[in-house]
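Visitor: There's a structure below that I have some questions on.
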């Protein structure tokens with residue numbers, strides 16, 4: 001894809017940055033500074049440290065080694081505990097085997113290569129549950145494990161029983177009906193335990209360690225089962241207390257900002273656990289999660305009740321979500337452009353197990369100016385919103401000329417399909433960015449079609 005034919009009509013990055021600054025709230029303007037300082041009000045996958053109330057100049061006692069892509073459920077439960085207890089910590093990110101290599105320094109502290117790992121007061125702790133118990137002991141403020149509560153052990157056993165049933169069913173096509181019935185029976189038990197506690201959490205009105213143990217796996221069940229097995233957990237009348245639990249969890253900044261989305265999970269699970277087995281009845285739900293049914297098209301539906309993955313508990317309006325997506329593009333546009341331009345070159349070698357990861361790919365250098373213009377158009381549309389201004393930003397009359405539809409589809413589609421939550425941004429922001437990337441792809445196609453018709 002040559003840049004020689006490009007008729008660049010996209011606003012400059014400088015103009016877009018000024019536009020974002022004008023539209024942003026004070027908290028949004030301070031996001032990068034707060035992130036760097038470790039004093040941000042909420043969790044963020046981009047953070048390298050979380051200091052909470054730690055006095056200035058004092059180093060955190062704990063370092064968490066977690067996966068770069070924020071895919072690992074065992075890392076997530078440790079992350080959630082640290083956020084809930086407001087334990088100051090530093091973050092070191094390490095690749096999972098399914099999408100990259102681990103550095104030699106990590107192998108030196110964790111010979112098995114497994115994650116998460118923590119270093120607390122100089123001691124290396126190599127298992128997630130051991131990390132959590134060490135944190136609970138070392139930081140007794142904000143305790144998450146009620147002493148002597150007889151419900152804790154049976155609930156933790158139920159969580160493992162539910163996990164095992166989900167894992168067996170998800171990765172097998174044998175005895176489909178029996179496995180589904182067994183899993184649904186376990187969900188009813190979970191729902192019953194939440195009802196018996198008075199809720200919304202497993203031990204009642206307050207979040208506990210039990211909720212932190214359930215959270216990563218109920219989250220992945222809610223994503224994977226519609227996609228592969230045509231079973232919805234969210235908003236299901238069969239287990240209403242589980243939905244109330246999800247909403248209660250999503251009301252907590254500690255969970256809301258480390259939670260992933262359905263799309264990310266359905267594609268990050270197979271590289272971690274092996275092939276997931278689908279049933280034909282799941283095709284329609286899978287198409288919605290993948291966006292292949294048009295659900296990633298503008299205008300996005302405003303009715304939260306129509307969405308497979310609810311937005312209502314996440315506290316982010318559409319305008320704020322668009323600004324978040326625009327900020328991520330603006331902050332790192334050069335690297336993102338090079339990443340998207342991989343879609344116009346050959347796959348990297350050697351490949352990795354995660355199908356949507358391609359760490360060894362190289363960008364199509366000659367296409368970088370075109371991809372940069374496409375990203376500026378995307379950012380412009382995000383900042384103008386979904387009204388008349390947003391539609392105008394995506395109209396054929398506004399978009400740059402001389403861009404081949406194939407180049408737009410290949411580069412922006414490559415980026416769209418690899419937006420990962422929460423690694424890159426929140427679910428509401430990812431939803432907006434995916435749809436706006438599609439809007440630019442469609443607009444470029446319409447412009448090329450109009451030009452071809454005029455020339456014929």
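The values are calculated or read from the model by the stated rules, or taken from the named source; none is laboratory data. Please read all numbers here as calculations on a predicted model, not as lab measurements. When we count neighbours, we look across all protein chains shown, and the Cβ atoms used for this are built from the backbone with ideal geometry, even at glycine.
Visitor: For the stretch 194-232, which positions are under 28 Å from residue 85 (Cα atoms) and assigned to a loop (DSSP other than H, G, I, E, B)? Steps first, answer last, please.
Guide: Of the stretch 194-232, the ones under 28 Å from residue 85 (Cα atoms) are 194-223.
Correct list: 198, 199, 200, 202, 203, 205, 206, 207, 208.
Visitor: Of the residues 80, 46, which is closer than 24 Å to residue 429 by Cβ and part of a helix (DSSP H, G or I)? Give the steps one after another, and end with the answer.
Guide: Working: 46 fails: part of a helix (DSSP H, G or I).
It is 80.
So that you can scan it fast, the table gives a plain yes or no per residue for (1) in contact with a strand residue (DSSP E or B) (Cβ under 7 Å, 6 or more places away or on another chain); (2) outside the structural domain of residue 433 (by TED's automatic domain parsing); (3) crowded, with 20+ Cβ neighbours inside 10 Å; (4) farther than 15 Å from residue 73 by Cβ:
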site: 224; (1), (2), (3), (4): no, yes, yes, no
site: 229; (1), (2), (3), (4): no, yes, yes, yes
site: 232; (1), (2), (3), (4): no, yes, no, yes
site: 250; (1), (2), (3), (4): no, yes, no, yes
site: 253; (1), (2), (3), (4): no, yes, no, yes
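Visitor: Right, another one. Given 354, 326, which one is assigned to a helix (DSSP H, G or I) and either on the phi < 0 side of the Ramachandran plot or surrounded by 17 or more Cβ atoms within 10 Å (Cβ to Cβ) (or both)?
Guide: 326
Visitor: For residue 7, all conditions in the list (1) more than 29 Å from residue 359 (Cβ to Cβ); (2) exposed (fewer than 15 other Cβ atoms within 10 Å of the Cβ); (3) at pLDDT 95 or above; (4) touching a strand residue (DSSP E or B) at 6+ places or on another chain (Cβ under 6 Å) hold save one; what is the number of the exception?
Guide: For residue 7, the failing item is (3).
Visitor: For residue 154, only one of the following conditions fails: (1) touching a residue at least 24 places away in the same chain (Cβ under 8 Å); (2) at negative phi. What is its number?
Guide: Checking residue 154 against (1) touching a residue at least 24 places away in the same chain (Cβ under 8 Å); (2) at negative phi, the one that fails is (1).
Visitor: Out of 32, 42, I need the residue that is over 14 Å from residue 379 (Cβ atoms), at pLDDT 95 or above and under 22 Å from the mean Cα position of the chain (by Cα). Which one?
Guide: Exactly one of 32, 42 is over 14 Å from residue 379 (Cβ atoms), at pLDDT 95 or above and under 22 Å from the mean Cα position of the chain (by Cα), namely 32.
Okay, residues lined up against (1) under 26 Å from the mean Cα position of the chain (by Cα); (2) surrounded by fewer than 17 Cβ atoms within 10 Å (Cβ to Cβ); (3) part of a helix (DSSP H, G or I):
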position: 159; (1), (2), (3): yes, no, yes
position: 192; (1), (2), (3): no, yes, yes
position: 236; (1), (2), (3): yes, yes, no
position: 260; (1), (2), (3): yes, no, no
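Visitor: Another question, if that's okay. Since residue 155 meets every condition but one in (1) over 30 Å from residue 275 (Cβ atoms); (2) at pLDDT below 95, which condition does it not meet?
Guide: Residue 155 satisfies all of (1) over 30 Å from residue 275 (Cβ atoms); (2) at pLDDT below 95 except (2).
Visitor: Filtering the stretch 278-291 down to residues that are outside any helix (DSSP H, G or I) and surrounded by 15 or more Cβ atoms within 10 Å (Cβ to Cβ), which residue is farthest from the chain's Cα centre (by Cα)?
Guide: 278
Visitor: Just to be sure, is residue 270 in contact (Cβ under 8 Å) with a residue 60 or more places away in the chain, over 21 Å from residue 382 (Cα atoms) and touching a helix residue (DSSP H, G or I) at 6+ places or on another chain (Cβ under 9 Å)?
Guide: Judged against the criteria, residue 270 is not a match.
Visitor: What is the residue count in the stretch 168-182 for residues that are surrounded by 18 or more Cβ atoms within 10 Å (Cβ to Cβ) and in contact (Cβ under 8 Å) with a residue 40 or more places away in the chain? Working first, answer last.
Guide: Filtering the stretch 168-182 down to residues surrounded by 18 or more Cβ atoms within 10 Å (Cβ to Cβ) leaves 169-170, 179.
When the remaining residues are screened for being in contact (Cβ under 8 Å) with a residue 40 or more places away in the chain, the result is 169-170.
Counting residues in the stretch 168-182 that are surrounded by 18 or more Cβ atoms within 10 Å (Cβ to Cβ) and in contact (Cβ under 8 Å) with a residue 40 or more places away in the chain gives 2.
Visitor: Can residue 331 be described as assigned by TED's automatic domain parsing to the domain that holds residue 413 and more than 22 Å from the chain's Cα centre (by Cα)?
Guide: For residue 331, the condition - assigned by TED's automatic domain parsing to the domain that holds residue 413 and more than 22 Å from the chain's Cα centre (by Cα) - is not met.
Visitor: What's the number of the condition residue 297 fails, among (1) buried (at least 16 other Cβ atoms within 10 Å of the Cβ); (2) touching a helix residue (DSSP H, G or I) at 6+ places or on another chain (Cβ under 7 Å)?
Guide: (1)
Visitor: Right, another one. Among the numbered criteria (1) closer than 17 Å to residue 159 by Cα; (2) at pLDDT 95 or above, which one does residue 234 miss?
Guide: (1)
Visitor: Determine whether the stretch 119-128 contains at least one residue that is part of a helix (DSSP H, G or I), farther than 22 Å from residue 426 by Cα and not assigned by TED's automatic domain parsing to the domain that holds residue 210.
Guide: Within the stretch 119-128, one or more residues are part of a helix (DSSP H, G or I), farther than 22 Å from residue 426 by Cα and not assigned by TED's automatic domain parsing to the domain that holds residue 210.
Visitor: Now for a different question. Among the residues of the stretch 238-248, what is the count of those that are crowded, with 22+ Cβ neighbours inside 10 Å and outside any helix (DSSP H, G or I)?
Guide: 0
To keep it simple, each residue is scored yes or no on (1) within 22 Å of the chain's Cα centre (by Cα); (2) assigned by TED's automatic domain parsing to the domain that holds residue 335; (3) on the phi > 0 side of the Ramachandran plot.
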| residue | (1), (2), (3) |
| --- | --- |
| 375 | yes, yes, no |
| 380 | no, yes, no |
| 391 | no, yes, no |
| 397 | no, yes, no |
| 402 | no, yes, yes |
| 405 | no, yes, no |
